[in-house]
Amino acid sequence: LPIFDGRLRIVLDRYVPYSVYRVMIGSSWLIALAALTRSGVRIEESLEKLARPASPWLKTRLVACLAGIRSGLDIGDALLKTNYQFPDMEIINDLGTYSRYRNFDIALDRLGNEWIKKSIEAIRTRMRVIFFICLVIVGLLTLLMATGILDMQQQISVAAQGISH
């Protein structure tokens, strides 16, 4: 998941398991960004520091955001311009709003913590759906196996009756 990138990945990031990965990495990134800005590091510098050790998938998104910031956009607009929908459209909109306030670092920290709580619930919901789908698939496979075994048993008994006559 951290290596696969490109146009197809942008589409796949909307669906499980890619969406779960995007939420997890997005949450971690948001908290790290909040910590850096709270300690007095500028947004541009924070993004550079976070991009250095990042996976190829995350680095692509952060470098695109950095390009927007360097062209004069705030972080919300820069993330929106990338068209990656990273970390999430709701967060992008909130970042655009909060970046205009004086206490952006505090707002960023709150936003990160709130989003983690929402993300955990969203992941739980998605995992319930996946669990249900897997349960149905296992049930169908079990039914298919039982049908196959009964069919084989019937064929064996027909063959055995043919031999005895």
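Principal axis extents of the C-alpha atoms in the stretch 1-58 (largest first, rounded to whole Å): 36, 17, 14. Shown for the chain: the carbon plus sulfur share of the solvent-accessible area, taken with all protein chains present and a 1.4 angstrom probe, equals 63%. Here the stretch 98-165 has an Rg and Dmax of 28.5, 95 Å, counting Cα atoms alone. Using a simple spin-label model with pseudo-atoms 7 Å out from Cα toward Cβ, Glu48 and Leu8 lie 3.5 nm apart. Shape analysis of the stretch 56-135 based on the Cα gyration tensor places the equivalent ellipsoid semi-axes at 28, 17, 9 Å, largest first. Out of these labelled values of Cα Rg over 2.2 N^0.38 Å, [x] 1.09; [y] 1.63; [z] 0.98, which was calculated from the coordinates shown here? Answer label, from the structure shown: [y].
Net charge dipole, the stretch 1-155: roughly 180 debye, given to the nearest 20, about the Cα centre with Cβ charges of +1 for Lys and Arg and -1 for Asp and Glu.
With contacts taken as Cα pairs under 8 Å and at least 6 residues apart, the chain reaches a relative contact order of 21 percent. Solvent exposure of the stretch 111-162 amounts to 82 Å² per residue of accessible area, where only protein heavy atoms count and the probe is 1.4 Å. Once the C-beta distance of Asn93 and Phe131 is scaled by a Förster radius of 35 Å, the resulting FRET efficiency is 0.65 to the nearest 0.05. In the chain, the calculated helix contribution to ellipticity at 222 nm averages -27000 deg cm²/dmol per residue, counting -39,500 (n - 2.57) for every DSSP H run with n ≥ 4. Judged by the mean number of other Cβ atoms found within 10 Å, the most tightly packed of the peptides 137-147, 67-77, 20-30 leads the ranking 20-30, 67-77, 137-147.
The values are calculated or read from the model by the stated rules, or taken from the named source; none is laboratory data. Note that the structure is predicted; figures quoted are calculated from it, not measured. All Cβ positions, even for glycine, are placed from backbone atoms using ideal geometry, and neighbour counts span all protein chains on display. With ligands, DNA and RNA removed, areas are computed over all heavy atoms of the protein, side chains included. Shrake-Rupley method; radii C 1.70, N 1.55, O 1.52, S 1.80 Å.
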